[in-house]
Amino acid sequence: MATKTSSFGSSKREAHDSSVFYARNLYSGDFPSLHRLLAELCKQIKKRSVPAKPLHDWVNRIYCHTAEDMSHLPDESVALAFTSPPYNSGKDYDEDLDIGAYFALMSRVGAEVYRVLKPGGRYVINIANLGRKPYIPMHAYFYITHTGLGFLPAGEIIWQKSKGANSSCAWGSWLSAKAPRLRDLHEYLLVFVKDDFSRPEKGTSDINKEEFMSSTLSIWEVPPESAKKVGHPAPFPVELASRVIKLYSYVDDVVLDPFAGSGTTCVAAKKLGRYYIGYEIVPEYCDLCGVRLE
Ligand SMILES: C[S@@+](CC[C@H](N)C(=O)[O-])C[C@H]1O[C@@H](n2cnc3c(N)ncnc32)[C@H](O)[C@@H]1O
């Protein structure tokens, strides 16, 4: 039986029918003018400012609220943000945005992350590239929008999710050069920093030698998380979040996930003795975060 793109978890790909995916508004945009549009978007973002307040008044919370407005958080208060944004590819929670509207949303959230990060703070974004006809290099567009917001690129991790393609038969023309298609085994973790490539303040790191040696390599092999097990359409594994948190933050730092989903980043932060903050707009997932954090 032919498979279809799934709105929950990852689908198998056997005689795959991708018509639903290609009918999405993601493919309705004018790609050649996208660079200009993204540069324009970054200029239009409204800046807000929130004064300092006592730490315990705003940390260790999941805000069931859009991350486009994080006015619960003071300026320059967060050391690390790690997230996987909605990919706009047809998961249960995805709106069907065109590429301009999608990056307008990412820019509004990115501007808020920039505001709340301390100088030397990091924003690590997990993203996958999409489609094949044409291939949409989402990571390239994230570079354009986020450097436009002021972030400095500091590196890129390839998250290798599996060694083999498992059940994916989406190879295009079988044993023929007519139209072979690549089957992705990886996603990206784009590492951005604010203002400074090193943290101006000292702190306690809890990464051991083995972890440091492997996490400073640019390919991370971490098995994916099961959507069914977690109860969210696209969770990343706690191990992935833990590796990012240990490498890029000190103990007792504040760690933010602006698209918290099932709360994986917050769970890892709590386990590792960091303060956490999550933003999530779907009330059911906010409840799930609460359960997992307990
Ligand atoms: C890819 S999922 C994150 C999954 C998460 N990393 C985990 O491990 O469970 C993206 C999440 O962003 C949420 N979301 C979408 N738009 C949002 C917004 N404007 N503000 C906050 N959350 C949003 C979606 O509901 C979805 O749960």
Exercise for the section: Could you please tell me which pairs satisfy a Cβ distance under 7 Å, a separation of 6+ or placement on different chains, a first residue in the stretch 101-130 that is touching a residue at least 24 places away in the same chain (Cβ under 8 Å) and basic (Lys, Arg), and a second residue that is within 12 Å of the ligand (Cβ to nearest atom) and not in a strand (DSSP E or B)? Expected result: ARG108/GLU68
Practice task
Run down PHE21, PHE103, PHE82, PHE8 and say which single residue is in a loop (DSSP other than H, G, I, E, B) and either touching a His at 6+ places or on another chain (Cβ under 7 Å) or of a type outside the set (Asp, Glu) (or both).
Solution key: PHE8
Problem - Check on GLY121, small (Gly, Ala, Ser), modelled with pLDDT under 95 and not in a helix (DSSP H, G or I) - result: no
Fill in the blank from the handout: Over the stretch 46-68, the set of residues more than 21 Å from GLY290 (Cα to Cα), more than 8 Å from the ligand (Cβ to nearest atom) and modelled with pLDDT of 95 or more is SER49, VAL50, PRO51, ALA52, LYS53, PRO54
Problem - Test result for ASP98, of a type in the set (D, E, K, R) and touching a Gly at 6+ places or on another chain (Cβ under 6 Å) - result: yes
Problem - Residue in the stretch 272-282 that is nearest to the ligand (Cβ to nearest atom), counting only those that are open to solvent by less than 30 Å² (accessible area, probe 1.4 Å) and of a type outside the set (Phe, Trp, Tyr) - result: GLU280
Completion exercise
For the stretch 53-71 the number of residues that are among the basic types (Lys, Arg) and either part of a loop (DSSP other than H, G, I, E, B) or open to solvent by less than 50 Å² (accessible area, probe 1.4 Å) (or both) is 1
Practice task
Quick one: LEU240 ticks every box in (1) aliphatic (A, V, I, L, M); (2) open to solvent by 30 Å² or more (accessible area, probe 1.4 Å); (3) within 14 Å of ASN126 (Cβ to Cβ) except a single one, so which number is it?
Solution key: (2)
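Out of LEU80, LEU38, I need the residue that is open to solvent by less than 50 Å² (accessible area, probe 1.4 Å), within 16 Å of the ligand (Cβ to nearest atom) and under 23 Å from the mean Cα position of the chain (by Cα). Which one?
That would be LEU80, the only listed residue that is open to solvent by less than 50 Å² (accessible area, probe 1.4 Å), within 16 Å of the ligand (Cβ to nearest atom) and under 23 Å from the mean Cα position of the chain (by Cα).
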Problem - Hey, SER205 farther than 30 Å from ASP287 by Cβ and among the polar types (S, T, N, Q) or not - result: yes
Practice task
Answer yes or no: is there a residue in the stretch 177-191 that is surrounded by 14 or more Cβ atoms within 10 Å (Cβ to Cβ) and in a helix (DSSP H, G or I).
Solution key: no
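What about PRO258, is it open to solvent by 40 Å² or more (accessible area, probe 1.4 Å), modelled with pLDDT of 95 or more and either within 18 Å of ASP92 (Cα to Cα) or touching a Ser or Thr at 6+ places or on another chain (Cβ under 9 Å) (or both)?
Answer is no for this residue.
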Practice task
Would you be able to say whether some residue in the stretch 213-234 is closer than 27 Å to GLU280 by Cβ, within 16 Å of the ligand (Cβ to nearest atom) and open to solvent by 90 Å² or more (accessible area, probe 1.4 Å)?
Solution key: yes
Exercise for the section: Please find, within the stretch 241-271, the residue that is farthest from the ligand (Cβ to nearest atom) out of those that are touching a Phe, Trp or Tyr at 6+ places or on another chain (Cβ under 7 Å) and among the small types (Gly, Ala, Ser). Expected result: ALA269
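The values are calculated or read from the model by the stated rules, or taken from the named source; none is laboratory data. As the structure is a prediction and not an experimental result, all values here were calculated from the model. With ideal geometry, Cβ positions are generated from the backbone for all residues, glycine too; neighbour counts draw on all protein chains shown. To get the accessible areas, we keep the full protein, side chains included, count just its heavy atoms, and leave off ligands, DNA and RNA. Shrake-Rupley method; radii C 1.70, N 1.55, O 1.52, S 1.80 Å.
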